[in-house]
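Okay, structure first, notes after.
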Amino acid sequence: MIKKHYSTLIIATLAIVLLFVPQAKAYVQQGLMKVGLFQPKIEKVEEINSDPVKPSTNYKFEMIDAKGKITKLEDLKGKVVFINFWATWCGPCIAEMPTIQKLYDKVKDDKDVVLLTVEVENKKENAVSFMKKRNLNLPLVFPNSAIPQEFLDRSIPTTVILDKQGNIAHTTVGMADYSGQEVIDFFNELKKMN
């Protein structure tokens, strides 16, 4: 009798683990990203510029790092800004972090690009520990003011890319693989815009 239900028991156990263990879920999601799923749908810059409704460029958002250094969004105008909103308990957030690290490694010396990871719950010690355990050296900040609703409506992870004027050039709600060349190409196109 037990042999008949052995496979059902294994499947049920795996489902429970994936449901309640964020790291296990992240591991499976990372595997899915490696086979080409969860690619961000990045539009061409021409399509962004043809949008008749221009978004506001006056977003007010202040962030603070673990050491107390404040970054104001308006101070980043003139740069392409990649902002990822996440939390340490979020499986999809955990899954995409290695791809964001790969992206950061490619752009960290580019003075025209700023990459920020915003831990939305303001749990500084947990977030710093999370980064350290996973050997991630991403720029880690925390909200120090209200997050504009245009950036984060409710779902994490959410990633927003701003052009040099502070317009929203791209938004991905949900997990994505940011390690590909198409993201770098998109940054390069945005850097050419006035």
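The values are calculated or read from the model by the stated rules, or taken from the named source; none is laboratory data. Keep in mind that what you see is a predicted model, and the values were worked out from it rather than measured. Note that each Cβ is placed from the backbone with ideal geometry, even for glycine, and that neighbours are counted across all protein chains shown. Please note that ligands, DNA and RNA were not included when accessible areas were found on the heavy atoms of the full protein model with its side chains. Shrake-Rupley method; radii C 1.70, N 1.55, O 1.52, S 1.80 Å.
Net charge dipole, segment 87-191: roughly 440 debye, given to the nearest 20, about the Cα centre with Cβ charges of +1 for Lys and Arg and -1 for Asp and Glu.
Peptides 65-71, 126-132, ordered by how many other C-beta atoms sit within 10 Å of their residues on average, highest first, read 126-132, 65-71. Measuring nothing but protein heavy atoms, the accessible surface of segment 44-194 at 1.4 Å probe radius is 48 percent carbon and sulfur.
Length gained on full extension, Lys77 to Ser129: 15.7 nm, using 0.36 nm per residue less the C-alpha separation. Distance between the 7 Å Cα→Cβ label points at Gln149 and Asp105: 4.0 nm.
In sequence order, segment 114-120 has phi-based couplings of 10, 10, 10, 10, 9, 7, 6 Hz under the Karplus curve 6.51 cos²θ - 1.76 cosθ + 1.60, θ = phi - 60°, and Gly or Pro positions carry x. Once all protein chains are placed together, Asp105 keeps about 80 Å² accessible to a 1.4 angstrom probe. Among Thr88, Thr159, the sequence by solvent-accessible area, most first, with a 1.4 Å probe is Thr88, Thr159. Packing-based ranking of 168-176, 133-141 yields 168-176, 133-141, ordered from highest to lowest mean Cβ neighbour count within 10 Å.
Positive-end ranking of Gln165, Pro92, Thr117 along the dipole of segment 79-194, with charges on Cβ about the Cα centre, is headed by Thr117. Determine the shape class of segment 128-186: with a ≥ b ≥ c the square roots of the Cα gyration tensor eigenvalues, call it rounded for a/c under 1.5, and otherwise prolate if a/b is greater than b/c, oblate otherwise. Oblate, because a/c is 1.5 or more while a/b does not exceed b/c.
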